[in-house]
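Inspection log for the structure reproduced underneath, given as structure tokens.
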Amino acid sequence: MRHNIKLTLAVLALVSLIAAAIIMAAPTGQISGTIVDSQTNLPIAGASIAVVGTNRGAVTDSSGNFLIKEIPPGNYTLRITGVGYQTVELKQVTVESGLTLELNNSLTPMSEGLKEKIIVEAQIDIIDKFETSNQTIIIKDRGGRAHEVSYMTDGVTINNPVGGLGQSGANLYLYRREKRNPFPPAHGGTAIVNGKPYDAMFFENYGVNPFVDTEDDHFSTFAVDIDDASYILARAYLERGNLPEKDAVRTEEFVNHFSYNYKAPQEETFAVYLEGSRSPFGQNCQMLRIGIKGKKISEENRKPANLVFVVDISGSMSREDRLGLVKKALKLLVNKLNYDDRVGIVTYGSTGRVHLQPTSIANKERILSAIERLQSGGSTNCDAGLRLAYEMSSRHFDKNKINRIILCSDGVANVGITGADELLKRIKKQADRGITLSAIGFGMGNYNDVLMEKLGNKGNGYYAYVDDIAEARRVFTDNLSGALQVIARDVKIQVDFDPEVVRSYRLLGYENRDVEDNKFRDDNEDGGEVGSGHSVTALYEIKFNKDAHKKQIGKIYIRYKNPETGIVEEINRPIAISIFDRNFAFSSPDYKLAAAAAEFSEIMRESYWAKGSNLGDVLSLASDVYNQTGQNDVLELMNLVTKARQLKQELASNDYQE
């Protein structure tokens with residue numbers, strides 16, 4: 001009897017295999033098409049099209065196009081979903097063998113009242129499966145960005161070109177935070193205080209620049225800032241399903257995240273670019289964009305570098321695999337270095353320790369092995385680690401080389417000297433000697449943005465925040481000569497507005513980079529550093545006097561030190577009033593992009609000057625830029641604005657219901 005059952009099961013299995021083979025060998029059809037926004041008619045990137053009940057599906061590209069191949073003939077239901085859009089199901093879609101079915105459809109933005117109910121059944125760290133009212137989604141998270149996360153919708157494996165997890169993923173993160181937070185709060189307890197999405201996040205409020213009357217002060221003076229850590233932090237918040245804290249948003253870092261098409265000068269240190277129009281967001285004012293582009297030094301001509309990696313290996317660096325990401329990032333950097341470069345490694349937990357004496361890149365495997373051996377544990381004595389790093393760098397200092405310390409940390413110091421001011425005194429002194437410091441931040445929760453930004457600024461290096469391996473690649477490898485070799489130190493900008501033409505002005509951002517007007521030509525006053533090929537962009541909102549008839553509204557001055565000679569140089573350019581004659585609609589895509597990035601930040605930080613603005617207008621402008629340029633970073637901006645708008649709508653809806 002048992003033998004007969006086994007035989008029967010074997011026969012049934014064989015029949016099933018033969019049937020499956022016949023089905024697979026049968027002629028198939030395919031479905032192609034385009035998905036657009038029903039209100040704007042713009043293409044939707046990252047929309048999922050699933051053939052319900054099969055393992056077939058696709059995701060739209062940046063032009064909203066998709067193609068699903070090898071679909072067996074038959075009638076199907078297609079389910080179309082997109083971030084921030086209502087789900088659409090198309091019934092009785094007939095697929096015929098050897099034919100391509102063209103499908104063009106639109107999605108409607110999700111209304112405030114429409115919600116999705118999500119039930120989490122497993123942990124996200126390996127594989128997550130959760131259900132909504134109309135779909136089952138499986139996410140395999142490999143700890144990366146869009147191209148490094150696998151998505152399955154109703155059994156369909158898809159890729160998300162936009163980045164992040166979308167609305168469902170956002171809610172999943174919210175669920176994890178509120179119901180089963182895998183990382184306990186850094187300061188004890190089981191819940192995060194004050195309704196914050198993450199514990200122990202330290203930011204500082206620098207205020208928002210007001211409009212200044214030129215009859216009171218016609219000079220606007222500030223130190224340049226090439227950092228964009230604020231934008232990356234905001235992205236990390238939004239991709240995890242939370243609005244960024246308003247104090248985390250610095251407008252100049254949103255604007256300077258993007259690469260504008262400024263042409264680098266051939267001979268001079270800087271090229272200056274000016275563009276203006278009526279402001280697209282400001283009330284009854286003009287907008288001025290000032291862009292400066294530094295000369296570019298090729299990787300082959302870059303000076304050799306003596307680098308010291310200072311790695312925070314305290315217990316907090318084990319959260320979210322922070323140290324794991326640090327190790328991957330440093331390996332990327334090491335693999336880009338030249339044979340003339342040297343690397344030393346210092347670590348700190350409860351105490352500081354020399355992990356690797358300065359080693360030539362000729363012994364790259366030894367350096368990579370030392371990085372791989374890093375392990376976390378203990379308290380956080382940042383002061384001890386920096387002391388050892390400066391001692392090492394001083395012993396091997398070479399005035400003909402780049403002498404740079406690269407700090408990788410979450411910025412939380414709780415042993416030894418823990419305040420920024422005490423650390424900054426030593427760092428500024430060493431920077432004046434020629435040993436510079438860059439601060440690279442890692443981690444969400446138990447993170448100190450205030451300390452890391454100040455360390456990077458005073459260290460005459462830069463401050464960056466790394467949220468994934470793709471960002472690590474951008475920071476450490478995409479422009480290595482720019483990251484390491486400085487072309488101008490203590491760079492300051494002063495704009496002298498003519499009171500007869502300009503009634504008032506407002507600088508967007510740079511609040512914490514303000515310089516007193518009378519210290520512009522004080523060469524002991526700290527400015528910003530600009531690396532090879534780097535650019536700096538600043539935006540002003542300006543109100544003109546009605547009876548102004550002059551050809552210039554003022555003049556821009558740029559003052560800096562030559563890093564090789566120490567000689568101070570100054571250049572200036574007039575600002576012609578004629579640049580404001582162009583209609584904003586006909587401005588360059590770069591100009592529009594800078595305006596969109598600035599307004600996005602102004603709304604996120606709840607600026608008084610953005611009270612009448614809305615994210616829908618920002619999204620529309622960013623979409624216009626994307627249609628003109630097709631840039632991936634603009635597509636990402638669109639996605640972040642969409643996430644922020646949806647989160648704000650949810651908060652408003654919840655407030656109304658309460």
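The values are calculated or read from the model by the stated rules, or taken from the named source; none is laboratory data. Quantities reported herein were computed from a predicted structural model and do not represent experimental measurements. No Cβ is skipped: glycine too gets one built from the backbone with ideal geometry, and neighbour counts run over all protein chains shown.
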What pairs can you find where one residue is in segment 567-586 and hydroxyl-bearing (S, T, Y), the other is part of a loop (DSSP other than H, G, I, E, B) and exposed (fewer than 12 other Cβ atoms within 10 Å of the Cβ), and their Cβ atoms are less than 9 Å apart, with a gap of 6+ or different chains? S578/K551
Report every pair of residues separated by at least 6 positions or lying on different chains whose Cβ atoms are under 6 Å apart, first residue within segment 57-78 and in the same structural domain as S97 (by TED's automatic domain parsing) and assigned to a strand (DSSP E or B), second surrounded by 15 or more Cβ atoms within 10 Å (Cβ to Cβ) and among the charged types (D, E, K, R). I68/R56; I71/R56
Answer from G207, G241 - the residue that is of a type outside the set (S, T, Y), on the phi > 0 side of the Ramachandran plot and not assigned by TED's automatic domain parsing to the domain that holds F544: G207
When segment 277-302 is examined, which residues are found to be acidic (D, E) and either buried (at least 18 other Cβ atoms within 10 Å of the Cβ) or out of contact with any Leu (no Cβ under 9 Å at 6 or more places or on another chain) (or both)? E300
Pick from segment 274-306, criterion among the polar types (S, T, N, Q) and closer than 30 Å to Q552 by Cβ, ranking: modelled with the lowest pLDDT: Q283
If you check F544, F476, which single one turns out to be of a type in the set (F, W, Y) and farther than 20 Å from L288 by Cα? F476
Can I345 be described as touching a helix residue (DSSP H, G or I) at 6+ places or on another chain (Cβ under 7 Å), within 19 Å of Y447 (Cα to Cα) and of a type in the set (A, V, I, L, M)? no
Just one of (1) modelled with pLDDT of 90 or more; (2) more than 18 Å from G46 (Cβ to Cβ); (3) assigned to a helix (DSSP H, G or I) trips up A652, so point out which. (1)
Could you check, for segment 448-460, whether at least one of its residues is without any contact (Cβ under 8 Å) to a residue 60 or more places away in the chain and in contact with a Ser or Thr (Cβ under 9 Å, 6 or more places away or on another chain)? yes
Selection within segment 561-618 - touching a strand residue (DSSP E or B) at 6+ places or on another chain (Cβ under 6 Å), farther than 19 Å from D247 by Cα and assigned to a helix (DSSP H, G or I): I577, I579, F580, F584, Y591, A594
Within segment 265-276, can one find any residue that is surrounded by 17 or more Cβ atoms within 10 Å (Cβ to Cβ), over 30 Å from I367 (Cα atoms), touching a helix residue (DSSP H, G or I) at 6+ places or on another chain (Cβ under 6 Å) and not acidic (D, E)? yes
Selection from segment 425-482 of residues under 26 Å from S259 (Cα atoms), among the aliphatic types (A, V, I, L, M) and either part of a helix (DSSP H, G or I) or within 15 Å of the chain's Cα centre (by Cα) (or both) yields I440, M444, V450, M452, L455, A464, V466, I469, A470, A472, V475, L480
Qualifying position, being surrounded by 16 or more Cβ atoms within 10 Å (Cβ to Cβ), in the same structural domain as R521 (by TED's automatic domain parsing) and farther than 29 Å from T60 by Cα, among I571, I567, I553, I579: I553
